[in-house]
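Beneath this line is the structure, given in structure tokens, with notes to follow.
The values are calculated or read from the model by the stated rules, or taken from the named source; none is laboratory data. Note that the structure is predicted; figures quoted are calculated from it, not measured. In this analysis, Cβ positions are derived from the backbone assuming ideal geometry, glycine residues included, and neighbour counts consider all displayed protein chains. Keep in mind that these areas ignore ligands, DNA and RNA; they rest on the heavy atoms of the full protein, side chains included. Shrake-Rupley method; radii C 1.70, N 1.55, O 1.52, S 1.80 Å.
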Amino acid sequence: MDFGHPLNCLTFNLQRASRNLVRGFEEAAKNSGVTAPQFTTLSLIGGFGELTVSQIAERMGTDRTTLTRNLAVMARKGWIVEAEAEDRRLSVWRLSPKGRETLDLALPIWRRFQAGLVDRIGPDDATALLATLKRL
């Protein structure tokens, strides 16, 4: 493989695959009203209970500014609410009942989508890909 050729650029191919996967998930989840980043955010908050903006940003690998805008949209939709924090300088978020309901609606869609991807590339390649992505 010629890794010096632009079409074999790892960054380009990862970005392209990412866009395709996001589009595929969002098409599958269109009736839930949840975008891929919103699903990830709901899943993280739902799984951890309460998270600060910094904790969410770190786990998602995104910047705080973009995340803050996305959190504001999700708060307007009634999916998340700001929680009391011991340190009042921190912004802590948790799922609202509507957010839990939205996540519960989207989770089976994600599970089917994820299973389809694993079937498409095979469990061994899926495991290897996940390990590689986590190293990056």
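For this structure, a couple of remarks:
- Cβ-based charge dipole, region 7-98, positive-most Cα from Thr68, Pro97, Ser18: Ser18
- The calculated FRET efficiency for Thr62 paired with Asp87, based on their beta-carbon distance and R0 = 22 Å, is about 0.50.
- Pairwise centroid distance, computed over Cα atoms, of region 1-57 with region 58-131, Å: 10
- Fully extended contour minus Cα-Cα distance, from Val118 to Thr52, at 0.36 nm per residue: 20.6 nm
- Surface per residue (accessible, 1.4 Å probe) for the chain, Å²: 69
- On Cα atoms only, tilt of 10-28 relative to the major axis of the chain in degrees: 60
- For region 22-93, the Rg and Dmax computed from alpha carbons only, in angstrom: 12.4, 40
- A simple charge model with +1 on the Cβ of Lys and Arg, -1 on the Cβ of Asp and Glu and nothing else charged puts the dipole of the chain at about 320 debye relative to its Cα centre.
- Counting only alpha carbon atoms, the long axis of helix 64-76 and the longest principal axis of the chain meet at about 60°.
- The residues Met60, Met74, sorted by heavy-atom accessible surface at 1.4 Å with ligands and nucleic acids left out, run Met60, Met74 from largest to smallest.
- Range of Cα positions in the chain per principal axis (Å), largest first: 54, 31, 23
- By the compact-protein rule of thumb, 2.2 N^0.38 Å, the alpha-carbon radius of gyration of region 85-136 corresponds to a ratio of 1.74.
- Degrees between helix 36-48 axis and first principal axis of the chain (Cα, 0 to 90, nearest 10): 60
- The chain: most fluctuating residue of Leu95, Leu14, Leu42 per GNM, C-alpha cutoff 10 Å: Leu14
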